[in-house]
Every structure is written in structure tokens, then in C-alpha cells.
Amino acid sequence: MAVSPDGKTVAIAGNSGIILCLWDLENHKVKRTLSTPVGVMAFSRDGKMLAWNTIYYVQLWDLEADKLIAKIETDKHFTQCLAFSPDGKTLAVAGAALSENMRP
């Protein structure tokens with residue numbers, strides 16, 4: 001789960017992490033759902049972008065344009081943390097290497 005910086009939207013992973021739901025907290029309505037695997041999530045500081053991880057990728061969604069703008073391969077690492085820089089120009093991705101027997 002991640003909450004937008006303005007506190008008006010919450011991103012929630014449901015159905016065993018397969019559906020990403022953006023919930024409007026002011027109007028108590030679903031703004032958007034995406035059928036995608038979801039792990040950790042982070043909003044940019046301006047609230048215009050949402051990043052989330054899948055097993056081998058980090059995806060970046062432009063909330064204003066309502067579209068995926070980047071799919072970043074994480075080179076066989078499982079993402080454990082995502083964070084945007086204060087200016088929103090850099091996305092930090094931290095993870096751990098998976099051993100061969102841990103990989104799905």
C-alpha cells in the first residue's frame with residue numbers, strides 16, 4: 001500500500017498482489033485498477049507518478065496521462081524498496097539477489 005503525498009489517493013495491491021487499485025479517498029471510489037503483479041509501491045513527491053515492482057521489473061505509471069511510461073528490468077533482483085528523489089527525477093530501487101532455488 002502507498003498513499004499519495006496529498007493524502008487523496010491510496011494505491012492498494014489486492015487479489016494476492018495481482019491487481020493494483022487506485023482508491024480516491026475523498027470520493028470513496030475506485031479511480032483505476034490494473035491487472036499486474038504488484039509488490040512494493042511508491043508515489044512521486046508531486047503525486048504525478050506511481051512506481052511498483054513485479055518479480056524482475058519496476059514499472060512507472062504516469063497518473064495524469066493514465067499510462068505506463070517505463071518498465072525497468074531489475075537484473076535478477078527482487079525489489080524490496082522504491083523511493084523517488086525530492087525533485088522526482090530519480091527513482092531509487094533497492095533489492096536483494098535471489099538464489100536459483102528461490103526464483104518462481
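The values are calculated or read from the model by the stated rules, or taken from the named source; none is laboratory data. If you're wondering where the values come from, they're calculated on a predicted model, not measured in any experiment. Every residue, glycine among them, receives a Cβ derived from its backbone with ideal geometry; neighbour counts consider all protein chains shown.
Just a few scattered comments:
- Scanning segment 80-94 for any residue that is part of a loop (DSSP other than H, G, I, E, B), over 23 Å from Cys21 (Cα atoms) and modelled with pLDDT under 85 turns up nothing.
- Being without any contact (Cβ under 8 Å) to a residue 12 or more places away in the chain and either in a strand (DSSP E or B) or aromatic (Phe, Trp, Tyr) (or both) holds for only one residue in Val30, Val58, and it is Val30.
- When Asp6, Asp75 are screened for being of a type in the set (Asp, Glu), modelled with pLDDT of 90 or more and assigned to a loop (DSSP other than H, G, I, E, B), only Asp6 passes.
- Comparison of Ala13, Ala70 shows that the only residue that is in contact with a strand residue (DSSP E or B) (Cβ under 8 Å, 6 or more places away or on another chain), modelled with pLDDT under 95, closer than 23 Å to Gly95 by Cβ and surrounded by 14 or more Cβ atoms within 10 Å (Cβ to Cβ) is Ala13.
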